Amino acid sequence: MPLNRKDVLTLEDMSVEEMTLILDTADSLKEILGRDIKKVPTLRGRSVMTLFYEPSTRTRTSFEMAGKYMSADTANIATTTSAVVKGETLKDTAWTVEAMGIDCIVMRHPIAGAPHFLARICQASIINAGDGMHEHPTQGLLDMFSIRERKGTLRALKVAIVGDILHSRVARSNIWGLTKMGADVWVTGPSTLMPPGIERTGVRTTFRVEEAIEGADVVMVLRLQLERQKKGLFPSIREYSRLFGVTRERLALAKQDFILMHPGPMNRGVEIASDVADSEYSLITDQVTNGVAVRMAVLYLLLGGGPEGSAQAEGGGEKR
Ligand code: CP
């Protein structure tokens with residue numbers, strides 16, 4: 001089954017079949033990352049532009065590497081050194097990019113819905129790499145991939161998402177994805193950082209971090225968005241860390257074989273204790289590696305088409 005869509009904008013609008021197709025395709029493509037020469041011709045002649053209006057280390061670079069590993073031509077627009085600083089609008093920037101013959105624009109923007117706007121006005125495929133507090137669909141997919149790879153399934157796993165749920169596009173994409181895939185999702189954090197009505201998405205909420213972590217198969221820690229502290233949504237970073245910081249003591253409540261995740265970047269010693277971030281439970285660097293595989297899958301399915309796994313058949317089966 002091909003991914004029968006032009007754009008990847010949210011997991012809210014993605015079916016279980018589509019998400020499973022992406023995860024299965026990533027599974028077959030991940031092998032390429034272990035090769036001496038990481039290059040297959042699958043997307044030769046295709047072009048990918050990253051257009052980021054906010055900082056990024058992992059997402060932007062992993063999309064670029066994913067494209068390069070599959071022989072796509074890749075280019076980046078850093079808005080700080082582009083005509084955006086001269087006042088060029090998003091629409092004009094997008095049309096300028098399209099006029100260069102770009103097949104896919106990977107976009108991060110501080111305003112929720114900005115990638116949807118681009119998807120409406122562009123013929124190129126648009127991938128949402130994070131829009132405001134709304135969604136970060138490829139992060140949700142790579143998180144689900146990482147859990148499934150380690151646990152074999154997502155169904156019936158207890159997943160505790162800990163931290164600033166209100167401002168987190170990572171939480172939102174994971175909530176949509178994981179609940180559809182049958183996980184038992186709990187969210188916890190300060191009441192001021194909990195979106196009203198979040199239960200309607202099918203998650204369970206608690207303001208006691210211990211209740212969320214107890215018996216969890218997966219503990220997913222979110223970055224505390226320190227810039228929000230100015231709004232007085234929690235008393236102090238020290239207080240936040242005391243009440244909601246993920247420590248070895250709190251993790252002792254989780255299942256014995258639990259896994260610990262964080263999308264990055266981390267505030268060590270704030271939302272996550274430094275020793276547990278580096279512990280044997282931590283999947284944090286695997287998440288980064290899996291991000292490349294998942295983004296390869298997304299690019300492949302949007303730009304390359306064809307049945308799952310044929311990327312390898314097209315030349316991936318041998319070292320080049
Ligand atoms: N997880 C994530 O989106 O990281 P970056 O901001 O570094 O892309």
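The values are calculated or read from the model by the stated rules, or taken from the named source; none is laboratory data. Everything numeric here is computed off the predicted structure, so don't read it as measured data. Positions of Cβ are backbone-derived with ideal geometry, glycine not excepted, and every protein chain shown enters the neighbour counts. Side chains are part of the model used for accessible areas, which takes the heavy atoms of the whole protein and leaves out ligands, DNA and RNA. Shrake-Rupley method; radii C 1.70, N 1.55, O 1.52, S 1.80 Å.
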Accessible area (Å², 1.4 Å probe, nearest 10) - Ser82:
20 Å²
In straight Cα distance, which lysines are under 21 Å from Lys151, not counting same-chain residues fewer than 8 positions off?
Lys30, Lys180, Lys255
Determine ³J(HN,Hα), in whole Hz, for all residues of the range 298-303 in sequence, where each value follows from phi through the Karplus function 6.51 cos²θ - 1.76 cosθ + 1.60 and θ = phi - 60°; x replaces Gly and Pro.
5, 5, 4, 6, 7, 10
Whole-Hz ³J(HN,Hα) from phi, Karplus 6.51 cos²θ - 1.76 cosθ + 1.60, for the range 279-288, glycine and proline x:
7, 5, 7, 6, 10, 5, 6, 4, 4, 5
Tilt, helix 58-69 to longest principal axis of the chain (alpha-carbon atoms), in degrees rounded to tens, equals 30 degrees
Counting other Cβ atoms within 10 Å of each Cβ, which GluC sites (Glu not before Pro) in the range 1-36 have at most 16 and sit in a DSSP loop?
Glu12
Quick one: length gained pulling Ser15 to Ala99 fully straight, 0.36 nm per residue minus the C-alpha distance?
27.0 nm
In nm, give the distance between the simple-model label positions of Glu31 and Thr289, each being 7 Å from the Cα along the Cα-to-Cβ direction.
1.6 nm
For the chain, give the percent of accessible area contributed by carbon and sulfur heavy atoms, probe 1.4 Å, rounded to a whole number.
52 percent
Counting only residues 5 or more places away or on other chains, whose amide H sits under 5 Å from the amide H of Thr50 once H atoms are built in the peptide plane?
Ala75, Asn76, Ile77, Val106
Could you work out how far apart the two model spin labels at Glu210 and Ser274 are, taking each label as a point 7 Å from the Cα in the direction of the beta carbon, and quote it in nm?
2.7 nm
If you average 1/r across every pair of different Cα atoms in the range 32-148 and take the reciprocal, what Kirkwood value do you get, in Å?
14.9 Å
Count neighbours as other Cβ atoms within 10 Å of each site's Cβ, and list the trypsin sites (Lys or Arg not before Pro) in the range 147-176 that are DSSP loop with at most 16 such neighbours.
Arg155
Please list the three semi-axes, largest first and in whole Å, of the ellipsoid equivalent to the chain, using sqrt of 5 times the eigenvalues of its alpha carbon gyration tensor.
32, 24, 17
Cα-based Rg and Dmax for the range 53-106, where Dmax is the largest Cα-Cα distance (Å)
12.0, 34
For Arg242 and Thr89, what is the calculated FRET efficiency with R₀ set at 41 Å and r taken between the beta-carbons, to the nearest 0.05?
0.35
Under a Cβ-Cβ cut-off of 11 Å, what is the net charge of the residues other than Arg172 that fall near it, where Lys and Arg count +1 and Asp and Glu count -1?
-2
Could you work out the pair-distance distribution P(r) of the range 95-230 from its alpha-carbon pairs, with 5 angstrom bin width and percents rounded to whole numbers?
2, 10, 18, 20, 17, 13, 9, 6, 3, 1, 0
Virtual spin-label span in nm between Glu249 and Leu226, 7 Å along Cα→Cβ
2.4 nm
Checking the range 51-118 for trypsin sites (Lys or Arg not before Pro) in a loop per DSSP with at most 13 other beta-carbon atoms within 10 Å yields none
Could you provide, to the nearest whole Å², the per residue accessible area of the chain with probe 1.4 Å?
41 Å²
Around Val209, with a cut-off of 12 angstrom between Cβ atoms, what is the net charge of the other residues, counting Lys and Arg +1 and Asp and Glu -1?
-2
Listed by chain and number, the lysines with an alpha carbon less than 25 angstrom from that of Lys91, same-chain partners under 8 positions apart left out, are Lys6
